[in-house]
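A.B. asks: I have a structure I would like to understand better, so I am pasting it below and will then ask my questions one at a time.
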Amino acid sequence: MRRTRLVTAALTLGLGLPLGLMAAAPAVADHGHGHGHGPMAFEPITASAYDQMSADWTEPLVAPKGFKQKLVADETVLDVYSGTTDDLHDMNTVNETGRHAGRYLYRTHEVSSNGALSVVDLRTGEAKVIAQRADWSRLDGLRWTPWGTLLFAEETTGGRLFEAFLDPEDPTVITRVEERREAGILRHEGIEARADGTVFVIDELNGGSIYKFEPTRRGDLSDGRLYALRLKGLSDAEQKWNPATYSAKTGAFEWVALDMDQVVVDADAAANAVNATEFGRPEDVEVIGSTLYVANTSEDRVVAIDLRKKVLSGFVEAGVNAPVENAGSGVTGFNSPDNLAQGPDGRLWIVEDNYASDIWAAGKDTDRDGVAEKTELFASLKDPGAEISGIYFGKDPKSLFFNVQHPEKPKADGTWKITRR
């Protein structure tokens, strides 16, 4: 998730432009009235925060009227690495089921070694580290499972998926952690766990694939089969990642079983052996209803995978149903989609891994062609060195959690929530 940024150049180009140009966005963006419904309905903001960048802020986002921003916990509350490095808060989830459901917010920390899981008591504000190991590297993906455990993973070469088991009387206590190699050794980021026990993961690189793990027994990830997605009607060469042809990767697909002896060593090699479809940096996954959404960062595209019909479509794509960004000219647009979240009204929310880091809400696919009817700009990050990560709706449908990662503002790496008043 963490990326290399040319912040100085972007600031110089962006801040040297008139305000009117900064607010410009192509006409493909739909900024009319009637934006969603329910507890997170909002009036879209007009532009990214190009002209409001500062390391001296009290609220991190440019956001719609009627919303308030509140700090959950940053490095002034809990400094996991004691100032030696940014804490790099990455993904968020709460205890969605069981005792005190919704009270505890869990977070991964994407440092290169000595990775950690932390938790915040949303009732008291207390924050603490609940697991940490020297061999954990770049902890990223995080998901509460329907069977009451935490899945988290490493976004690095040879990355592993782990499952944390919690004390049923105290969800802030981890009783044991198991390594789940059967779900693939790969560059993990997004994780999704369904009620039937199925787990979806991705390989975060240019040329990464999309995977489905089916356990032999629900809730037991120690045994099962990993599959990779392969589009039908493409030659083996066309399945490979190609930045010039990614938009043609749509249509019917199949799940291809992988060699499990190879999966537990290198799942990417196992996927290559069956010519699984390759995408441009798949980073996060989210299931809403019977559709699996995957954010493909290098493609400026979120794909929708209909799990019933077994058809893949371009759900949101820059220049199709979202505006194209030109940060150097201060033009707001959709660029480098990263994390995904299901909103309380069933819409898909998307955050970018770029400058300026924006949060978008996709309209629903009302005509059922696999493409969102529109996209709307919800918020934009003001810190000139940071990105947003870990967008997530917990048990409160009026609150969106998000992380501010590697900011220029001192000790501001942490978790916030934005709530409709």
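The values are calculated or read from the model by the stated rules, or taken from the named source; none is laboratory data. Remember, it's a predicted structure, so these values are computed and weren't measured experimentally. Positions of Cβ are backbone-derived with ideal geometry, glycine not excepted, and every protein chain shown enters the neighbour counts. Heavy atoms of the whole protein, side chains included, go into the accessibility calculation; ligands, DNA and RNA do not. Shrake-Rupley method; radii C 1.70, N 1.55, O 1.52, S 1.80 Å.
A.B. asks: Name the residue, out of P384, P344, that is assigned to a loop (DSSP other than H, G, I, E, B) and over 16 Å from V62 (Cβ atoms).
C.D. replies: Criteria check complete, one pass: P344.
A.B. asks: On the basis of being open to solvent by 10 Å² or more (accessible area, probe 1.4 Å), free of Cβ contacts under 8 Å to residues at least 12 places away in the same chain, out of contact with any Asp or Glu (no Cβ under 7 Å at 6 or more places or on another chain) and more than 14 Å from V316 (Cα to Cα), does D367 make the cut? Working first, answer last.
C.D. replies: Values: open to solvent by 10 Å² or more (accessible area, probe 1.4 Å): yes; free of Cβ contacts under 8 Å to residues at least 12 places away in the same chain: yes; out of contact with any Asp or Glu (no Cβ under 7 Å at 6 or more places or on another chain): yes; more than 14 Å from V316 (Cα to Cα): yes.
Yes.
A.B. asks: Could you list, in sequence order, all residues of the range 221-238 that are farther than 16 Å from A273 by Cα and open to solvent by less than 40 Å² (accessible area, probe 1.4 Å)?
C.D. replies: Scanning the range 221-238 gives L221, G224.
A.B. asks: Among the residues of the range 316-333, how many are of a type in the set (A, V, I, L, M, F, W, C), surrounded by fewer than 24 Cβ atoms within 10 Å (Cβ to Cβ) and in a strand (DSSP E or B)?
C.D. replies: Step one: of the range 316-333, the residues of a type in the set (A, V, I, L, M, F, W, C) are 316, 318, 320, 322, 324, 327, 331.
Filter again for surrounded by fewer than 24 Cβ atoms within 10 Å (Cβ to Cβ), leaving 318, 320, 324, 327, 331.
Now restrict to residues that are in a strand (DSSP E or B): 318, 324, 331.
Matching residues across the range 316-333 total 3.
A.B. asks: Looking only at the range 300-314, which residues are crowded, with 24+ Cβ neighbours inside 10 Å and either of a type in the set (D, E) or not in a strand (DSSP E or B) (or both)?
C.D. replies: Scanning the range 300-314 gives a single hit, D300.
A.B. asks: Name the strands (runs of 3 or more DSSP E) wholly within the range 94-194 that hold at least 1 residues that are of a type in the set (S, T, N, Q) and closer than 21 Å to L400 by Cα? Step through it out loud before you land on a result.
C.D. replies: Numbers: elements: 104-109, 115-121, 127-133, 139-144, 150-154, 161-167, 170-179, 191-193.
Once the strands (runs of 3 or more DSSP E) in the range 94-194 are filtered for at least 1 residues that are of a type in the set (S, T, N, Q) and closer than 21 Å to L400 by Cα, what remains is 104-109, 115-121.
A.B. asks: Looking at (1) within 23 Å of W144 (Cα to Cα); (2) touching a residue at least 60 places away in the same chain (Cβ under 8 Å); (3) open to solvent by less than 50 Å² (accessible area, probe 1.4 Å), which one does R218 not meet, given that it meets all the others?
C.D. replies: Every listed condition holds for R218 apart from (3).
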